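Read the figures in this text as sums done on the coordinates, not as results from a lab. Note that the structure is predicted; figures quoted are calculated from it, not measured. For neighbour counting, all protein chains shown are included, and Cβ atoms are generated from backbone atoms with ideal geometry for every residue, glycine included.
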């Protein structure tokens, strides 16, 4: 890669003011570098929702919570995204975000909705209750190389515990994955990148069943436990991440994920509900 | 209680069509029976967001995911709530919900936003991965009686493991609570009641620090793993519920909760991020 070129994640995050009366409406486009099986990688879409907020001139504070609902697979190409601060309090701000694309008839249709809370965070008592598993980064761990989908090639993943079934033999197991991960090429961590990393797990239902079935996230919620300064301290270091399903029932399952920095500080906790077939 | 009277939860859930061109806009009012320290119990507010969706004439399917953002403490009295199906697919539907109240100047201001996904759920392979702790309901367990806030008196809570610190001595511990709970008076379980029960935990930060500090939920996300038929089977039985914090940092902590029926089937998983001071 040309070291002077823009990082593919920064390319994916590019938003241009749509103009018009309302601040916070932007034009963007899906990024082939983060292509998924159908539409773009949902992590990039979640990051874009956050990016639309972070670029808003009225932003108060830093991200605390983000929920992204995938209403439809995004079509490859341009989209419009609007972030609105619906309520601004003394130290917290509540956001709604809507992403639309022109459907085949030319009418705008909603492909994603999001809500977020940003806040000015203050010094308080604090503590982590969920300890990082007792692991240390070992660069000798082999890198997971999947040929598809394309977005998996944008992440350097070093698997500590089961990302992909050993055999597609339909033998049931648990759905726990643990791995070290970071952007590839390496990139200094920020909130949009962290929002995307929270979605960088293989469908739990594939791992649990050792069977590939159609599956796709319908909603993801991420809580941020770090300041931008704490993310800057991570730089382009690895995060330790784990994810596990809780219940698989009638076409939907949920999973919970946690991401720590190398020193064992929890940076984000994330939850999602995923559609699956059969 | 007069057995012919309406259950207080049903009273709290009453919404009246606001009329006008748009279906899905309703008028309601906060319920003193579910009063909290400031404003009403957030569980009731979350349930009201779901109720506005469930009453909508265009509803498709049953709840899968619900995110509720508390933008401001509700004032005691009337509110307006609007539920909009922003995208309807073949088997899933995406919703946005906004609750407004007149502020002192008479202008409408947003007090709550929500998003939800409903879906027609089909028979598929399924499994619970998160087992219920090895407990059985024991009616000899003493009922937790708090004199305030008022909403706690609307729930029958039988504590298995630490709801309230033994002493307010500032001694730190973990924040795990386990209890059996159901509505009081008993009431057949439905989706709004389950959404409310997911919020029926004491602030984790109080338990963790054995210190009372100002605290309030800013956002809650609940995933539903049961059909209305499965909820009807529970009837007015107890649910086993647990909640635990994960990270407490710079004025916000998150907690994750799980609710099982007596037979050990996971009915809902729920996550929230909570503001705290000091």
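For the stretch A:101-257, the spherically averaged projection of the C-alpha convex hull amounts to 12.8 nm².
Residue exposure proxy: B:184, B:174, B:169, ordered by other Cβ atoms within 10 angstrom of their Cβ from fewest to most, comes out as B:169, B:174, B:184.
For residue A:17, the label point sits 7 Å beyond Cα toward Cβ; its separations from the matching points on the remaining copies run 4.4 nm, from shortest to longest. Using the Kirkwood radius over Cα pairs, work out the Stokes-Einstein diffusion coefficient for the stretch B:130-169 at 10 °C and 1.306 mPa s, in µm²/s as a whole number. Estimated via Stokes-Einstein, D reaches 130 µm²/s. FRET efficiency for the residue B:134 to residue B:82 pair, using the beta carbon distance and R₀ = 56 Å, is estimated at 0.80. Stretching residue B:55 away from residue B:166 to a fully extended chain increases their span by 35.7 nm, per 0.36 nm per residue minus the current alpha-carbon distance. Given chain A, report the % of alpha carbon pairs whose separation exceeds 28 Å. Everything past 28 Å amounts to 35 percent.
Here the Kirkwood formula, the inverse mean of 1/r across different C-alpha pairs, assigns the stretch B:129-197 a hydrodynamic radius of 14.0 Å. Normalised Debye scattering of the stretch B:164-278 at q = 0.20, 0.24 Å⁻¹ gives log10 I(q)/I(0) of -1.02, -1.27, counting only Cα atoms as equal scatterers and leaving out solvent. Expressed as a whole percent, the proportion of Cα-Cα pairs in the stretch A:6-50 lying more than 15 Å apart is 44%. Principal semi-axes of the equivalent ellipsoid, √(5λ) from the alpha carbon gyration tensor of the protein assembly as shown, are 34, 28, 24 Å from largest down.
Pick out which of B:11, B:51, B:242 has the largest mean-square fluctuation in a Gaussian network model of chain B, springs linking Cα atoms closer than 10 Å. Highest fluctuation of the listed residues: B:11. Note on A:54-64: average number of Cβ atoms from other chains within 10 Å of each residue's Cβ is 1. Which distances, in nm and shortest first, link the residue B:229 label point to the same label point in every other copy, taking 7 Å along Cα→Cβ? Here residue B:229 shows inter-copy label distances of 5.7 nm. Could you tell me which of rounded, prolate or oblate describes the stretch B:95-153, using a ≥ b ≥ c as the square roots of the eigenvalues of the alpha-carbon gyration tensor, with rounded for a/c under 1.5 and, failing that, prolate when a/b is larger than b/c and oblate otherwise? Cα axes put the stretch B:95-153 in the oblate bin. Over the protein assembly as shown, DSSP H runs of length four or greater, each weighted -39,500 (n - 2.57), average out per residue to a 222 nm ellipticity of -3500 deg cm²/dmol.
Normalised by residue count, the stretch B:33-100 yields a Cα convex hull volume of 94 Å³ per residue.
Neighbour counting of Cβ atoms within 10 Å sorts the residues A:227, B:105, fewest neighbours leading, into B:105, A:227. Residue order for B:211, A:136, fewest other beta carbons within 10 angstrom first, comes to A:136, B:211.
Between residue A:278 and residue A:124, the modelled labels are 4.7 nm apart [label points 7 Å from Cα along Cα→Cβ].
Label-point spacing at residue A:176 relative to the other copies reads 1.5 nm, in ascending order, each point sitting 7 Å out from Cα along Cα→Cβ. With the simple spin-label model, which puts each label point 7 Å out from Cα in the Cβ direction, the residue B:108 to residue A:144 separation comes to 4.6 nm.
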